[in-house]
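Single-structure report; data block below.
The values are calculated or read from the model by the stated rules, or taken from the named source; none is laboratory data. Values in this document were obtained by computation on a predicted structure and should not be read as measured data. Glycine gets a Cβ as well: all are built from the backbone with ideal geometry, and neighbour counts include every protein chain shown.
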Amino acid sequence: MRNIPATPHDAMTQPILDYASRELLPKMRAVASEADIAFEMGLDLPAFGIEADAPVVRWAMELAQTSRLGTGAVSFATEAPVFQRAGIPTVVMGPGSIDQAHKPDEFITLDQVAACEQFFGRLIESRPPGTSHGEQDPGLEVVRAACPHDCPDTCAMLVTVRRDNGKRVAIKVAGDPSHPTTAGTLCTKVSRYLERTYHPDRLLHPLKRVGRKGEGRFERVSWDQALDDIAARLKTVAAVDSQRIVPYSYAGTMGMVQGERWRAVSSTGSARASSIARSAPPLAVRH
C-alpha cells in the first residue's frame, strides 16, 4: 500500500487489521482453534509530498528552464521521502514524461537525454536555495541580458559572470523565469552559448588562406587587411557583373554589424533577392 501525505499510513492499515480480527479470525478459529492472523511490516517508506512553491522546486524549475514542472501524486515509490524525513529538501524529476514510463515499451527520446545533460551541467554550476552567490564568491554577479538572435520572443537571460584578470567572464547562461513569453526557457542554441563562445577552436581573429584549398594553411591578418582584401575582391567582381555577388547568410545574431553588413553588400548591386539560407530580412538592432 502506498499512501499520500494527506492520508496517514495507519489510516489505511488499521481498518484492515480491525477487519481481520473482527470478521476473519472468529470464522477461521471456528474451523481450527489454533488459527491465527499475523501481520509483519516489511517496509515502512514514508509518503513523499512537497509544495509547488517550495524553494527546491523553484530551483529545479530554474535549472530545467521551465515553468511547467509538474507537482502532484503518482503511485510510484522513491527514496525521496527518506531524504525529506532527514531534513534534506528533495524534489523528484527526470527526463521525459511519466506517461512514457513504467510501461512495457517505455522510452526516452534523444532530445530528452540532451535536456537532462544540460540540466546537470547547470546544476553543477549553480548554488542551492538559501545560499548566496555573494557569500560563496564575492566575484560573481548576475547580469540581465537579452538574446541577440532575431526571434520575436526576445528571450530574457540571466548571465552569471565572474572577474578573471580584470575581465568579466560568463560562467552560466539561464533564462529569466520572470520573462512572460518564455518563462525562463532558452532554446538549445542559446542554452549552449558558453560552449561556443569559449570553445578552444573558436576563431578570434581573421585568417587568410596562404595555401591551396584543402591544405588548411592560414595566416593571421589584421581586421583592416581582411576588410580591405574583401572590399577589393567585391569591387572587382561588381565591376564585371554585380549579380555574381550572392549574399549567403543565416539569421544568427542580428545586431548593428549584421545590419551594416547587408547595407554594404546591397550597395554593390548584388543579387540580394537570391540570398540563400536566410529566414528574415536584415535588421539593425542597437544592443
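Observations on the structure shown:
Rundown of residues vs (1) surrounded by 13 or more Cβ atoms within 10 Å (Cβ to Cβ); (2) on the phi < 0 side of the Ramachandran plot, yes/no style:
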site: GLY49; (1), (2): yes, yes
site: ARG58; (1), (2): yes, yes
site: ILE88; (1), (2): no, yes
site: GLY96; (1), (2): yes, no
site: LYS103; (1), (2): no, yes
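- Unmet requirement for GLY139, which otherwise passes all of (1) closer than 18 Å to THR66 by Cα; (2) at pLDDT below 75: (1)
- Condition met for SER33 (part of a loop (DSSP other than H, G, I, E, B) and modelled with pLDDT of 75 or more): yes
- Top-ranked residue of the range 223-246 - restricted to ones that are part of a helix (DSSP H, G or I) and of a type in the set (Val, Ile, Thr), ranked as surrounded by the most Cβ atoms within 10 Å (Cβ to Cβ): VAL237
- Selection within the range 214-229 - farther than 30 Å from VAL169 by Cβ and at pLDDT 90 or above: ARG217, ASP228, ASP229
- Failed item, numbered, when THR188 is tested on (1) exposed (fewer than 12 other Cβ atoms within 10 Å of the Cβ); (2) in contact with a Leu (Cβ under 6 Å, 6 or more places away or on another chain): (2)
- Selection within the range 1-30: residues that are β-branched (Val, Ile, Thr) and more than 40 Å from the chain's Cα centre (by Cα). The member of this set that is modelled with the lowest pLDDT is THR13.
- Among the residues of the range 183-222, those that are of a type in the set (Lys, Arg) and in a loop (DSSP other than H, G, I, E, B) comprise ARG192, ARG202, ARG212, LYS213, ARG217.
- Listed by first and then second residue, the pairs with beta-carbon distance under 6 Å, at least 6 apart or on different chains, first residue in the range 1-25 and surrounded by 10 or more Cβ atoms within 10 Å (Cβ to Cβ), second at pLDDT 90 or above, are ALA20/ILE37; LEU25/ILE37.
- Within the range 32-61, the residues that satisfy the criterion of being small (Gly, Ala, Ser) and within 28 Å of ALA11 (Cα to Cα) are ALA35, ALA38, GLY42, ALA47, GLY49, ALA52, ALA54.
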